[in-house]
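Quick one: the structure is below, and I'll ask about it shortly.
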Amino acid sequence: MAWLYIFIAAVCEVAWTYSVKYLDFKKILAIKWLSFFSTVDNTLFLLPLLGYIVFGLANVLCFSLAIKEIPPSTVLAVWMGITLVGVKLVDVHLFKEPYNFMQLFYMLLILIGIVGLKRDAHS
């Protein structure tokens, strides 16, 4: 179950990263709360803030559950590896960022390392 917690924490970290990217405190602070719910556009400003809070808390919760069963260095390495690959995949597929063969090769090495750490933890 701890490995699932690491995976969920990493996915939440990827989502949290993009919540931070789109978080705009200037727009949030400029909200006129008396007429806030009059249009849907007003509520869209709060979605990154909501994501920041929800994904951040879920990440910390799942990470802390995993670290109770697996050595911290292994949890951190696997979590960071999955997060790095996840952010790159989102950048390439959703935001159409450029990539090349070498980046794919290095991500594959990260994934091989993750599988190796998981395998080593079970022996």
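Each reported figure results from applying straightforward, stated rules to the coordinates on display, with no laboratory input. In this text, all values refer to a predicted model and were calculated from it rather than measured experimentally. Neighbour counts run over all protein chains shown; Cβ positions are idealised from the backbone, glycine included.
Could you check the range 69-84 and list, in sequence order, the residues that are closer than 15 Å to Ile112 by Cα and surrounded by fewer than 16 Cβ atoms within 10 Å (Cβ to Cβ)?
Of everything in the range 69-84, just one residue is closer than 15 Å to Ile112 by Cα and surrounded by fewer than 16 Cβ atoms within 10 Å (Cβ to Cβ), namely Met80.
Next up: Which members of the range 33-59 meet the condition of being surrounded by fewer than 18 Cβ atoms within 10 Å (Cβ to Cβ), touching a Cys at 6+ places or on another chain (Cβ under 9 Å) and among the hydrophobic types (A, V, I, L, M, F, W, C)?
Hits for the range 33-59 are Val54, Leu57, Ala58.
Filtering the range 72-101 down to residues that are more than 14 Å from the chain's Cα centre (by Cα) and touching a residue at least 12 places away in the same chain (Cβ under 8 Å), which residue is farthest from Glu13 (Cα to Cα)?
Thr74
Which of the residues spanning the range 90-109 are within 25 Å of Trp3 (Cα to Cα) and surrounded by 14 or more Cβ atoms within 10 Å (Cβ to Cβ)?
Val90, Asp91, Met107
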